[in-house]
Amino acid sequence: MLSRVAHMVYWMQRYRERVENVARLIDVNLYLSIDAPGDAQEQWEPLVITGGDSVLFKELYGEATEQNVIEFLTFDERNKNSILHCLRESRDNARAIRQVITSEMWNELNQLYLYIYKTAGSKGKITSPYEFFQKIRSTCQLFTGITDTTMSHNAAWHFGRIGYLLERADQTTRILDVKYFILLPSPQHVGSPYDDIQWAALLKSISGFEMYMKKWNDIRHASVVEFMLLDPYFPRSVFSCVRRTLDSLRAISALSEQGSAYQSKPEQLLETLCSELAQMKVYEVIKTGLHEFIDNLQMRIIEIHNSLYRTFFSPNAYEMIYQDHQAELKLTE
Amino acid sequence: MTELAKETFFSGYDPQGFYDEYFRADQQVRSAASQFIERVNTLSKSEILNRQRTAEQFFYNTGITFNTGGSSNGIDRIFPFDLFPRIISHEEWGMIERGLQQRITALNEFLRDVYGAQKILKDKVIPSELVYSGRHFLKSCMGLMPQQGIWAHVSGTDLVRDKDGTLYVLEDNLRCPSGVSYVLANRSVVKRAFPNFFRNYAIETVENYPEQLFDTLQHIAPQSRRDATIVVLTPGIFNSAYFEHSYLAQRMGVELVEGQDLIVQDGYVFMKTTQGLQRVDVIYRRIDDVFLDPLVFRPDSQLGVPGLMEVYRQGRVALANAPGTGIADDKVIYKFVPEMIRYYLSEDPMIANVPTYLCCDEKDRDYVLKNMEKLVIKPANEAGGYGMLIGPYSSSAERKRFAQLICKEPRNYLAQPTLSLSRVPTIIRNRCEGRHVDLRPFILNGRNVYVMPGGLSRVAMKKGSLVVNSSQGGGSKDTWVMRKQVGSC
């Protein structure tokens with residue numbers, strides 16, 4: 001497939017995943033605020049920090065009230081990670097590659113965008129926040145479902161999947177990074193029912209509460225960290241996302257003329273990361289420092305993204321592939 | 001005979017002395033439209049308006065839109081659409097189809113000749129200076145022989161009907177005419193609005209156009225390329241017809257590429273894929289000649305592919321339409337198409353030309369300058385309805401300005417009598433009013449000449465307006481060619 005098009009499928013899905021995650025974070029936080037003690041406003045700031053936009057937010061809004069944070073994360077186009085902005089990016093990419101995706105995919109994404117765009121322009125904006133964010137989440141999930149059931153699982157589909165899996169892995173690390181330190185035992189809340197609600201909310205931010213409970217039955221900090229980073233089966237854990245990204249890259253190699261014997265550069269990077277995560281023990285993570293561990297993970301994801309760009313997406317990618325292939329041939333000669 | 005409701009949607013509709021595609025001057029229904037009118041008359045006003053609204057919503061939701069200059073918020077305008085189709089009888093269509101086949105065959109002969117032996121110029125049927133001074137005549141294409149000898153693969157000829165019912169060819173659009181995607185979209189919308197009608201009455205299908213186009217493109221692949229790789233070349237997302245480019249690529253199942261996706265290496269054209277370079281054999285290009293190759297034409301072109309023309313010259317890639325084709329739809333050369341038909345085919349033209357006065361001819365020019373308020377004055381090489389003067393609706397200042405333009409650049413202007421285009425009933429703010437239409441059937445010239453039965457009926461939505469171009473606020477309608485009725489007389 002065309003390099004430019006592969007790049008656009010990747011971003012269409014990556015932005016779409018970001019939209020879903022932001023909507024889920026807001027939704028979970030809204031629910032949480034029902035049970036929160038008096039100082040509930042504090043819980044909105046981490047959402048801004050998670051997105052990595054706190055400087056911009058402070059500049060534009062100052063105080064992290066519920067209303068300000070929701071506006072900033074949902075409709076504010078100055079925020080490159082806002083739902084409206086990401087949805088537009090996703091849709092712009094989709095529109096440019098309508099010949100590659102299916103009409104059913106496009107219609108769903110287009111209608112969601114038009115809905116959010118109209119809501120952004122209307123006065124009262126969100127009348128029922130629960131329904132509003134639920135609709136965004138479920139439409140994004142619907143989009144993923146339509147993608148899986150109407151599009152051939154060809155190279156384009158795999159590049160899209162890589163896009164949303166990397167985004168998902170990245171989001172999970174961010175959510176854990178920000179929330180974990182806030183939730184670490186504070187003397188007055190330890191063991192209180194509110195503490196448990198908060199930890200449950202962290203898991204709900206990645207739709208993982210129920211599956212976590214099935215596996216662990218009660219909430220322990222180390223188990224939560226393990227579940228979010230290293231669980232092999234939960235679809236939003238970093239390990240699971242990274243492993244499936246590797247699957248997709250292998251499939252892309254297998255579809256190529258060189259065949260599955262050939263291993264692309266990003267594939268090599270992912271292979272290394274996967275085997276590291278497979279052997280990683282959670283107590284080691286916590287011993288060496290969760291924050292440092294997450295920092296390193298995020299750097300690795302960026303490195304993988306850059307390598308994907310150089311190998312597949314950039315206008316000069318064909319030269320890379322050619323050189324790689326030549327090198328392979330020399331090795332086998 | 002069904003008993004009609006006392007008040008129907010067409011009650012009080014007045015053709016106002018124009019040729020109306022549904023009603024004769026005596027208010028009787030034309031036979032091609034009678035079944036449809038009967039059907040509409042069984043619906044209440046609100047049912048009709050509902051269907052119109054549903055149709056508009058469909059265009060919006062599915063993003064069938066066009067840009068006139070990239071809009072920043074990504075909300076595009078939908079192409080105004082009207083539910084009431086233009087309806088053409090089987091008999092009349094037969095004449096149109098044959099007339100268009102004849103015309104495109106002659107135009108292709110002309111292109112082959114004018115870039116080759118130039119017999120028609122030597123025989124002085126067409127003044128050679130008019131060809132050489134044509135903006136779209138490309139010297140660099142002299143002596144070229146495109147695959148299968150075909151130059152104009154895709155064309156969209158504009159037809160209009162005058163007051164007395166005569167059909168004329170208004171323009172031959174041989175340079176990437178657009179609109180065919182709207183024909184297909186309109187049809188799918190109208191089918192949803194009147195499903196039973198389509199089940200019960202025989203209307204010619206237009207939906208196989210993409211397959212026909214694919215077949216045409218395959219036909220011109222360089223020989224020995226059995227599994228030819230075909231691509232659609234677009235200027236990009238900001239082009240007003242981007243939706244169409246992407247739609248056609250999708251429907252044909254081929255890649256939609258931009259200039260930056262292609263590269264010339266070792267004498268061939270390749271596209272840049274995630275698996276390296278892949279050879280391209282046929283390019284259905286939707287960019288103008290001058291942007292195709294910065295090494296040959298405009299050096300500042302970002303849309304084209306450096307080196308493309310040399311590969312084309314070597315016969316290693318096919319381009320549709322062939323570069324240089326534009327000389328045949330120069331509006332000055334247009335005047336000579338009836339001569340071409342006689343010269344190359346020894347036949348009389350089946351569809352008439354609109355009488356045309358060339359401003360480079362002294363006698364014609366005098367006539368034009370003296371009769372400006374009666375004439376439509378057009379530049380020879382503009383598209384989209386830009387730069388025109390419609391005499392009867394012009395001010396004296398505008399006429400003065402055009403007189404100056406004509407005297408300054410006589411080769412670039414021509415004039416035609418103002419036709420009063422035929423009308424079709426159209427839904428205007430909950431009512432039915434007549435609006436002027438033209439018709440653009442699409443013609444494919446490949447293994448044989450295929451004329452899409454129907455085409456894009458463009459409609460001037462503004463009251464009294466004769467300008468149907470989308471860039472000038474025009475909309476569109478579906479076009480129905482009725483199939484021969486079996487078992488009825």
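Could you check, for the stretch A:146-163, whether at least one of its residues is within 11 Å of chain B (Cβ to nearest Cβ), within 18 Å of the chain's Cα centre (by Cα), modelled with pLDDT of 95 or more and under 30 Å from A:Ser256 (Cβ atoms)?
Yes: the stretch A:146-163 contains one or more residues that are within 11 Å of chain B (Cβ to nearest Cβ), within 18 Å of the chain's Cα centre (by Cα), modelled with pLDDT of 95 or more and under 30 Å from A:Ser256 (Cβ atoms).
Say we look at the stretch A:252-284 and pick out the residues that are within 27 Å of A:Val178 (Cα to Cα) and touching a Leu at 6+ places or on another chain (Cβ under 7 Å); which of these is nearest to the other protein chains (Cβ to nearest Cβ)?
Selected residue: A:Leu270.
What is the residue count in the stretch B:454-470 for residues that are small (Gly, Ala, Ser) and more than 14 Å from the chain's Cα centre (by Cα)?
Counting residues in the stretch B:454-470 that are small (Gly, Ala, Ser) and more than 14 Å from the chain's Cα centre (by Cα) gives 3.
Could we say that B:Glu382 is over 24 Å from B:Ile96 (Cα atoms), more than 23 Å from the chain's Cα centre (by Cα) and of a type in the set (Asp, Glu) here?
Spelling it out, it is not the case that B:Glu382 is over 24 Å from B:Ile96 (Cα atoms), more than 23 Å from the chain's Cα centre (by Cα) and of a type in the set (Asp, Glu).
Are any residues in the stretch B:406-424 farther than 21 Å from B:Met461 by Cβ, crowded, with 17+ Cβ neighbours inside 10 Å and hydrophobic (A, V, I, L, M, F, W, C), and if so, which ones?
Across the stretch B:406-424, the qualifying residues are B:Ile406, B:Leu414, B:Ala415.
Say we look at the stretch A:98-145 and pick out the residues that are basic (Lys, Arg) and within 14 Å of chain B (Cβ to nearest Cβ); which of these is nearest to A:Asp247 (Cα to Cα)?
Ranking the qualifying residues of the stretch A:98-145, first place goes to A:Arg98.
A:Arg4: within 14 Å of another protein chain (Cβ to nearest Cβ), assigned to a loop (DSSP other than H, G, I, E, B) and on the phi < 0 side of the Ramachandran plot, yes or no?
It is false that A:Arg4 is within 14 Å of another protein chain (Cβ to nearest Cβ), assigned to a loop (DSSP other than H, G, I, E, B) and on the phi < 0 side of the Ramachandran plot.
Give me the residue from the stretch B:248-257 that is of a type outside the set (A, V, I, L, M, F, W, C) and more than 8 Å from chain A (Cβ to nearest Cβ) and, out of that set, surrounded by the fewest Cβ atoms within 10 Å (Cβ to Cβ).
B:Gly253
B:Arg435 - would you say it is under 20 Å from B:Ala55 (Cα atoms), crowded, with 20+ Cβ neighbours inside 10 Å and not β-branched (Val, Ile, Thr)?
Yes; evaluated as a whole, the condition is true for this residue.
What number goes with the only condition from (1) of a type in the set (S, T, N, Q); (2) out of contact with any strand residue (DSSP E or B) (no Cβ under 9 Å at 6 or more places or on another chain); (3) closer than 23 Å to B:Ile78 by Cα; (4) facing chain A (nearest Cβ under 8 Å) that B:Asn239 does not pass?
(4)
Could you tell me whether the stretch A:288-307 includes any residue that is within 14 Å of another protein chain (Cβ to nearest Cβ) and either β-branched (Val, Ile, Thr) or within 20 Å of A:Tyr10 (Cβ to Cβ) (or both)?
Within the stretch A:288-307, one or more residues are within 14 Å of another protein chain (Cβ to nearest Cβ) and either β-branched (Val, Ile, Thr) or within 20 Å of A:Tyr10 (Cβ to Cβ) (or both).
Kindly indicate the residue of the stretch B:281-299 that is more than 14 Å from chain A (Cβ to nearest Cβ), out of contact with any Phe, Trp or Tyr (no Cβ under 7 Å at 6 or more places or on another chain) and of a type in the set (D, E, K, R) and also surrounded by the most Cβ atoms within 10 Å (Cβ to Cβ) among those meeting that condition.
B:Arg285
Taking B:Arg316, is it among the basic types (Lys, Arg) and either within 14 Å of another protein chain (Cβ to nearest Cβ) or surrounded by fewer than 20 Cβ atoms within 10 Å (Cβ to Cβ) (or both)?
Yes, satisfied.
For the stretch B:131-143, name all the residues that are under 24 Å from B:Tyr413 (Cα atoms) and either buried (at least 18 other Cβ atoms within 10 Å of the Cβ) or within 19 Å of the chain's Cα centre (by Cα) (or both).
B:Val131, B:Gly134, B:His136, B:Phe137, B:Leu138
To keep it simple, each residue is scored yes or no on (1) modelled with pLDDT of 95 or more; (2) surrounded by 15 or more Cβ atoms within 10 Å (Cβ to Cβ); (3) part of a helix (DSSP H, G or I).
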site: B:Ala106; (1), (2), (3): yes, yes, yes
site: B:Phe110; (1), (2), (3): yes, yes, yes
site: B:Asp113; (1), (2), (3): yes, yes, yes
site: B:Gly116; (1), (2), (3): yes, no, no
site: B:Ile120; (1), (2), (3): yes, yes, yes
site: B:Val125; (1), (2), (3): yes, yes, no
site: B:Glu129; (1), (2), (3): no, no, yes
site: B:Met145; (1), (2), (3): no, no, no
site: B:Ser155; (1), (2), (3): yes, yes, no
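Can you give me the number of residues within the stretch B:448-489 that are among the basic types (Lys, Arg) and closer than 23 Å to B:Asp14 by Cβ?
Total satisfying the criteria: 4.
Yes or no, residue by residue, for (1) assigned to a helix (DSSP H, G or I); (2) farther than 18 Å from A:Asp170 by Cβ; (3) assigned by TED's automatic domain parsing to the domain that holds A:Trp11; (4) polar (S, T, N, Q):
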position: A:Glu226; (1), (2), (3), (4): yes, yes, no, no
position: A:Pro235; (1), (2), (3), (4): no, no, no, no
position: A:Thr245; (1), (2), (3), (4): yes, no, no, yes
position: A:Glu276; (1), (2), (3), (4): yes, no, no, no
position: A:Asn296; (1), (2), (3), (4): yes, no, no, yes
position: A:Arg300; (1), (2), (3), (4): yes, no, no, no
position: A:Ser307; (1), (2), (3), (4): yes, no, no, yes
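Looking at B:Phe270, is it touching a helix residue (DSSP H, G or I) at 6+ places or on another chain (Cβ under 7 Å), of a type in the set (A, V, I, L, M, F, W, C) and either without any contact (Cβ under 8 Å) to a residue 12 or more places away in the chain or within 13 Å of chain A (Cβ to nearest Cβ) (or both)?
no
Please find, among B:Thr216, B:Thr229, B:Thr234, the residue that is crowded, with 19+ Cβ neighbours inside 10 Å, more than 10 Å from chain A (Cβ to nearest Cβ) and not hydrophobic (A, V, I, L, M, F, W, C).
On inspection, the qualifying residue turns out to be B:Thr216.
Look through B:Gln260, B:Gln265, B:Gln302, B:Gln278 and report the one residue that is within 20 Å of B:Ile220 (Cβ to Cβ), more than 21 Å from the chain's Cα centre (by Cα) and surrounded by fewer than 20 Cβ atoms within 10 Å (Cβ to Cβ).
B:Gln278
When the residues of the stretch B:377-393 are narrowed to those that are in a strand (DSSP E or B) and without any contact (Cβ under 8 Å) to a residue 60 or more places away in the chain, which ends up farthest from B:Val337 (Cα to Cα)?
Selected residue: B:Leu389.
For (1) assigned by TED's automatic domain parsing to the domain that holds A:Arg24; (2) out of contact with any Asp or Glu (no Cβ under 9 Å at 6 or more places or on another chain), each residue gets a yes or a no:
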| residue | (1), (2) |
| --- | --- |
| A:Glu104 | yes, yes |
| A:Tyr115 | yes, yes |
| A:Thr127 | yes, yes |
| A:Phe133 | yes, no |
| A:Ile136 | yes, no |
| A:Gly160 | no, yes |
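The values are calculated or read from the model by the stated rules, or taken from the named source; none is laboratory data. Here the structure is a predicted model, which is why all the values come from computation and not from measurement. Because the Cβ atoms are built from the backbone with ideal geometry, glycine has one as well, and the counts that use them run over all protein chains shown.
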